[in-house]
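Take a look at the structure below.
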């Protein structure tokens, strides 16, 4: 439990240091805003329309595949930690789990979810 | 408990007695000690970036047949200080229509995510907080940097920045899977998720037992940091600068600092996981030597990152996604299964026997993968249209539509 207090303090400090830098920069730098300076930078062209528009669906598909993989991979960590204490049965169980993961990958691949079109 | 055998422990003990002597309660003393320790470590790591910037610029300069910074101070060592002072006095421009709180928070979250990783890296024997899920912690916290980039790209109200932010997420989630899989191999071999435990278990460095896992971990870490060849998130020729296009002054400098520190941090993590961390001759007796060893190893891996940046061109986004999902992930899955099964059968062979049998397995797998890639490349070359035969039109022409077909179509 003690070590988690340290982690907590460290996390708070990690946010504090860059925030301190940002505040320093805010106070040390000049502030002379004007409309041209604050315009959206698009290599000199006027920007057209909204920025926050609909986006390519492909990114979403990859996110779905990732979600499945990441959640299942976390289950492998306890297995790996306890590996040296496992009987042969546990080893085979783990291998079957990984094979199922691989089957999911093959399925996504065959379905074309991994094609960047 | 001498200062040489327990440098940090001795100082902590002295401070603890001092604070207890002032009449503070033991609980408060512990919290204060942690605060001091974390503050010192975070400050040192953050300041260390100044040296990293000099190191990288110097090396990149040499790769490009230049001298690199050499005017300010000896060997240009004071150049980053000069740059830092200059950038402190620059204006922070917030673009029109930006989501202000998120715009400012973006770089802070990114830098914080990188700094947080240092909480668990074992710097010397007995030093560095030893939590039992440290390996998972590095993955969980590693995603913070990406979150920061996504926040700033989204909040900038700029289309280039938005494209960059979405690309970053795609890249991070694609390369997270091979990273997690490759990280499983040292965890499996050591039988623990604590980084200190993984270092202590490496009687033989894991790069001997698992060279392929090291390669996968290295490549996907570079991709997660977004360094060349995977720097699609700031591809200057297509999306100008990507997520930090609208940033200036100190908030931009925080990105800069975070990026350099992240590259060095993955060097340190790779050194801890695969190169034995602080292990080396005499490290147990003199822990400060261990810190030196870790630093040398981290710099060796960091040098590889800079080398890749100096010599490789940027990949396309479809190539990047294919490389992760269709090459690294299946390879890592196969490797995990083989490592697990082999490790079960060579359990009683001693440290070197285990390491060498794993090495042989890795070499066989590596050789098969190379043969497969060769065959694949040959097949691809055969499919490529032949160009520039002498006396021939250089591009293969599309076949002409038959005249009869067009006429029937016109008739119907």
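How many angstrom lie between the Cα centre of region B:132-160 and the Cα centre of region A:1-26?
Between the Cα centres of region B:132-160 and region A:1-26 lies a distance of 16 Å.
When B:365, B:120, A:106 are ordered from fewest to most other Cβ atoms inside 10 Å of their Cβ, what list results?
Exposure proxy ranking, most exposed first: A:106, B:365, B:120.
So, in Å, what gap is there between the alpha-carbon centers of region B:308-344 and region B:42-74?
Here the two parts' Cα centres lie 31 Å apart.
Per DSSP H run of n ≥ 4, the term is -39500 (n - 2.57); total these for chain B, divide by its residue number, and report the mean residue ellipticity at 222 nm rounded to 500 deg cm²/dmol.
Numbers: 16 runs with 281 residues, N = 412.
Estimated from H runs of four or more residues: -23000 deg cm²/dmol.
Regarding region B:90-377, what is the average projected area of its C-alpha convex hull, in nm²?
Computed as one quarter of the Cα hull surface, the answer is 15.9 nm².
How far is helix B:350-383 tilted off the main Cα axis of chain B, in degrees rounded to 10, range 0 to 90?
Once rounded, the angle reads 20 degrees.
Determine, for B:291, A:21, the number of other Cβ atoms within 10 Å of each Cβ, and report the residues in order from fewest to most. Before the final figure, lay out the partial values.
On the way: B:291 18, A:21 21.
By the 10 Å Cβ count, ascending: B:291, A:21.
Could you list B:141, B:225, B:272 so that the one with the fewest beta carbons within 10 Å of its beta carbon is first and the one with the most is last?
B:141, B:225, B:272
Using the Cα gyration tensor of region A:2-111, with a ≥ b ≥ c the square roots of its eigenvalues, what is the shape: rounded (a/c below 1.5), prolate (a/b larger than b/c) or oblate (neither)?
oblate
For chain A, find the longest principal axis of its Cα atoms and tell me its angle to the long axis of helix A:58-81, 0 to 90°, nearest 10.
50
Cα extents of the protein assembly as shown along the three principal axes, largest first, in whole Å?
Largest first, the protein assembly as shown extends 105, 70, 43 Å along its Cα principal axes.
Using alpha carbons only, how many degrees (0 to 90, rounded to 10) separate the axis of helix B:159-190 from the longest principal axis of chain B?
It works out to around 60 degrees.
For region B:163-276, what is the convex hull volume of its Cα atoms per residue in Å³?
99
Quick one: the Cα spread of region B:39-129 along its three principal axes, in angstroms, biggest first?
Dimensions of region B:39-129 along the principal axes of its Cα atoms: 48, 42, 23 Å.
We did not get these values from a lab; they are worked out from the coordinates using the rules stated. On a predicted model such as this, the values are computed, not experimentally measured, just so you know. Counting neighbours? That spans all protein chains shown, and the Cβs are built from the backbone with ideal geometry, glycine included.
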